Amino acid sequence: MAMPEKKTSDKKSKPAKNEDDAALLEQVFRDVTPLPGRTIKPVKTDVPKVKPNARRAPSSALPPPAQQPAPLLPELTHGDAPGVDKRTMQRLQRGKVEIEGRLDLHGMTQHEAYAALTAFLSSAQSAGKKCVLVITGKGLRPDGSVGVLREAVPKWLNQSPNRERIQSFRHAAPKDGGTGALYVLMRRAK
């Protein structure tokens, strides 16, 4: 009688980690902020160390907090309102929300207007204001184009540090300036 052959284990062996995988993983973790009280452990590989003079991917050490990238927030357009209730947006559209601060950018250069907008939003957030009005002016030109500030301010509102300070913005009601002004809903200060 013949003896049956012994079956080999069906367990799949883990592929050996290689240096390329480790470098890729380090690159992925470079922009990750660990949860409070947690750390990201460096990846260990079974591959021999690289020559001392060879270039290597950056370590998984996180940069200091001041260099952390801003949280990724969706870009806003007029009337976008992630996290804002429908009733508040309807009141805003009708011009029924109390305006707690105003900034008039008429006559400013782009550089002056950007600096004024950033400082205004910072102080409005620090003061706990909920809704502010930013007046850009309509800037309608004979050729049909719009003013520089009217076009630039929505872009500036989407850039850091302003984007982290606001929830939403939309054109003002006609009584507050219409398309030449913006209602800006502020986030609470952290």
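A short reminder: the numbers here are calculations on the coordinates, not readings from a lab. Every value quoted in this text rests on a predicted model; they were computed, and no experiment measured them. Positions of Cβ are generated from backbone atoms using ideal geometry, with glycine treated the same way; all protein chains shown enter the neighbour counts.
If amide H atoms are built 1.01 Å from N in the plane of the peptide, which residues on other chains or at least 5 residues away come under 5 Å of the amide H of R187?
I166, Q167
If I model a spin label as a point 7 Å beyond the Cα along the Cα-Cβ vector, how far apart are those points for K86 and S126 in nm?
3.9 nm
What spacing in nm lies between the two simple spin-label points modelled at K155 and A173, each 7 Å away from Cα in the Cβ direction?
3.1 nm
Can you list residues from other chains, or at least 5 along the same chain, whose modelled amide H is less than 5 Å from the amide H of V97?
Excluding prolines and chain starts, which carry no amide H, there are no hits.
For a test of the definition: using alpha carbon positions, the gyration tensor, and the 1.5 limit on a/c, classify segment 86-186 as rounded, prolate or oblate.
It comes out oblate by the Cα gyration axes.
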